[in-house]
1. Hey, among the residues in segment 237-272 that are in a loop (DSSP other than H, G, I, E, B) and within 18 Å of the chain's Cα centre (by Cα), which one's surrounded by the fewest Cβ atoms within 10 Å (Cβ to Cβ)?
2. Taking residue 361 as the residue in question, decide whether it is within 23 Å of residue 276 (Cβ to Cβ) and free of Cβ contacts under 8 Å to residues at least 24 places away in the same chain.
3. Name the residues in segment 65-121 that are under 29 Å from residue 8 (Cα atoms) and acidic (Asp, Glu), would you?
4. Quickly run through segment 35-69 and pick out the residues that are assigned to a loop (DSSP other than H, G, I, E, B), at pLDDT below 90 and either among the polar types (S, T, N, Q) or more than 24 Å from the chain's Cα centre (by Cα) (or both).
5. What number of residues in segment 369-392 are surrounded by fewer than 18 Cβ atoms within 10 Å (Cβ to Cβ) and either modelled with pLDDT of 85 or more or of a type in the set (A, V, I, L, M, F, W, C) (or both)?
6. Here is a list of conditions, (1) touching a strand residue (DSSP E or B) at 6+ places or on another chain (Cβ under 6 Å); (2) at pLDDT below 90, and residue 366 meets all of them except one; can you say which number that is?
7. Out of all the residues in segment 273-292, is one or more surrounded by 20 or more Cβ atoms within 10 Å (Cβ to Cβ), modelled with pLDDT of 95 or more, over 22 Å from residue 364 (Cα atoms) and more than 21 Å from the chain's Cα centre (by Cα)?
8. Please specify each residue of segment 103-128 satisfying the condition of being of a type outside the set (D, E, K, R) and under 24 Å from the mean Cα position of the chain (by Cα).
Amino acid sequence: MGGLFGVASKNDCVFDLFFGTDYHSHLGTKRGGMAVYGSDGFQRAIHNIENAPFRTKFEHDVDEMKGNLGIGCISDNEPQPLIVRSHLGNFAITTVGRINNADELARDAFTNGTTHFLEMSGGDINPTELTAALINRCGSIAEGIRYAQSRIDGSMSMLILTPQGIYAARDLVGRTPVIVGKKDGAYCASFESFAYLNLGYEDCHELGPGEIDFLTPEAMQIVVPAKQEMKICTFLWVYYGYPSSCYEGVNVEKMRYNCGDMLAQRDNVDADSVAGIPDSGTAHAVGYANRSNIPFSRPFIKYTPTWPRSFMPQKQSQRNLIARMKLIPVDTLIRDKRLILIDDSLVRGTQLRETTEFLYHSGAKEVHIRLACPPLLFGCKYLNFSRSTSQMDLITRRMIARFENGCTQPDLSRYADPDSPQYAQMVDEIRRELKFTTLKYHRLDDMIASTGMSPCKFCTYCWTGKE
């Protein structure tokens, strides 16, 4: 996914920028970066955070960097922010999103005079650099942002730092949030709404879909007004978002309580306790326990001193190892117990299968799996929710392939319908494959209802295949 944070202040902004960016560490695992503008011009620092948290990598930079305007990011992929020199002047840029038509856009850029792009390891073009090249095709930064977003197949929110202030732009249909905070002498722009609270900022304004704002230490100006259509990513509440954050006025932790509550209302399993997979599954489990009157427990504890999510490796086998290593069992709460275990989602199935085996090995009598979202049938093509390189990485698609006898284009709508026999067959096959006692997924309508928002405002592509 990735996160971004920016500050425009009458005073030095580096302290706020450092901590505001650090508060986005749960959104990315690979690189962090900061860029500031002050009396000495632009300064920038980028570090790898795969094996150490953001704070430890940037503590020295905080002492060296000076400026009253700055942007920072946590990135799941490319190095950023980038500093660009163009006919629009010098600026720094950081982005959150995904470009599906990068090759097409690069060819078009070469035809229109761009001579080269720097290649990242693996041969890809840096999406942030490509976005900057699109912006530079226009006569102003605001015009360039809108042009870039119109050409990109995917999603792109961004912050652009200029010597005069910061442009904050939310993607065209609002898949990711951008929120403005305010305090005396400063404005900030943030992906996560909680990231600025401990820095003294208060909520000021949430950008709408496609909106572009310009921030200075004195004011926030709406440069391009918001559009009406919204397709915000539902996984922000179910999984990605930090519990303290709010999107469109809906708190993440409260939504997860509601999810667990509605899961329990449709369930009748007997169990001794309810537990959540740390961290995002925990709040869902609290909601389930409150509704069902089955006690909440923590049969394993996440060892956070050395295994926080913020520097998980990209390689899946290593991620599976760490997922197993960081959970410490509590024998008294597992042995001879019937457990309901709630997780946010089921992608490949590897980690949850290993967690279930671990519980059985620790003496559990039964493990009933409940999931806070419907079955994932499509890989995300907007925000890199899943690192899957193929649809067949999804356990649902592997099960469906068994039933469809090699059919290359099965009717997936039957498997998305929770009332169909195909759905029931798929879920039971997954249960048997992963050795769960029972398995139930959240219904799409219940999950959306847990937010209290209109269904038309959400992106549900990964469950329905519909944009």
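The values are calculated or read from the model by the stated rules, or taken from the named source; none is laboratory data. This structure is a prediction, so every number in the text was calculated from the model and none was measured. Please note: Cβ atoms are built from the backbone with ideal geometry, for glycine as well, and neighbour counts cover all protein chains shown.
1. Only one residue fits best here, namely 249.
2. Numbers: within 23 Å of residue 276 (Cβ to Cβ): yes; free of Cβ contacts under 8 Å to residues at least 24 places away in the same chain: yes.
When the stated conditions are applied, residue 361 passes them.
3. First pass over segment 65-121, keeping only residues under 29 Å from residue 8 (Cα atoms): 65-99.
Within segment 65-121, 76, 78 qualify.
4. 51
5. Going through segment 369-392 one residue at a time, the tally reaches 2.
6. That leaves (2) as the condition not met.
7. The answer is yes, given that some residue of segment 273-292 is surrounded by 20 or more Cβ atoms within 10 Å (Cβ to Cβ), modelled with pLDDT of 95 or more, over 22 Å from residue 364 (Cα atoms) and more than 21 Å from the chain's Cα centre (by Cα).
8. 120, 121, 122, 125, 126, 127, 128
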